[in-house]
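Laboratory data are not the source of any read-out in this text; all were calculated from the coordinates shown. No experiment lies behind these values; they were computed from the predicted model shown. Counting neighbours? That spans all protein chains shown, and the Cβs are built from the backbone with ideal geometry, glycine included.
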Amino acid sequence: MRIMILRSSPPSPYGRKVKIAAALLGLSEKIEIVPTDTIDPADSIRQQNPLGKIPALILADGAVIYDSRVIVEYLDISAGGGKIIPQGAERIQTLTLQALADGIMDAAILQMYERRFRDEDRREAKWIAHQQGKIDRALSYLEERGVSLHATPLIGEIALACALGYLDLRFEGAWRAKHPKLVAWLDRFAAAVPAFEKTRVTS
């Protein structure tokens, strides 16, 4: 029986992060995914999350939690704790990686909003370049430092895979040419985590 509802949309990298986390924690069958249109003022997401943002998780008692970072922590606790968010120093490391990966997603989405909601002659090239700079620096940092991959991926690794997947989706994988180590890492992640391919969208 499904006891939770996940409000999300297929292209959302944050929603994808939650779906992959749920799969790794063995909780997918307890979650019903309900498509959400955050642009539609009639969509009930605005009553469930006052910010009108996804993902949002509606619990069995009707309580709603958001954003993706809070949801994955709730899911990890529900699965017994310490599964994808460990304790101690490793916790700080994986949460920091998650923050970096989420920042890549944020910057990519802001670029998409600029292109989607502004006519071409009104787009701010400096703003787009500013966001792209964040992505470029983050990817270069990760390429140089390297990223681990646990037998059960931790939340930082899950978030990074979703960030790279979003760059593939929205920016035609342009990041791949300069980051061969990250490409190889993502290939290993995809091979180890079937939910990554299962949650992939092409448009």
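Computed quantities for the displayed model
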item	result
Sequence of Arg16, Arg69 once ranked by neighbouring C-beta atoms within 10 Å, starting from the fewest	Arg69, Arg16
Inter-centroid distance (Cα atoms) of the range 172-203 relative to the range 5-72, Å	23 Å
Among Pro55, Pro180, Pro11: highest mean-square fluctuation, GNM of the chain, C-alpha pairs under 10 Å	Pro180
Kyte-Doolittle at least -0.5, axis length at least 24 Å by Cα - qualifying DSSP helices, the chain	88-117
Tail weight of P(r) past 25 Å, computed on alpha-carbon pairs of the range 66-203, percent	29 percent
Relative contact order (%) - criterion: Cα under 8 Å, at least six apart; region: the range 4-78	37 percent
Relative compactness, the range 1-136, computed as alpha-carbon Rg over 2.2 N^0.38 Å	1.17
Over the range 88-194, relative contact order from alpha-carbon pairs under 8 Å, at least 6 apart, %	35 percent
Where GluC sites (Glu not before Pro) fall in DSSP loop in the range 1-103, at most 16 other Cβ within 10 Å	none
Total lysine pairs under 14 Å (Cα atoms) in the chain, excluding pairs fewer than 8 apart on one chain	4
Gain in span if fully extended, Lys178 to Tyr141, counting 0.36 nm per residue against the direct Cα distance	12.1 nm
Computed over the chain: relative contact order in percent, which uses C-alpha pairs under 8 Å that are six or more apart	23 percent
25 °C / 0.890 mPa s Stokes-Einstein diffusion coefficient of the range 4-78, Kirkwood radius on C-alpha pairs, µm²/s	203 µm²/s
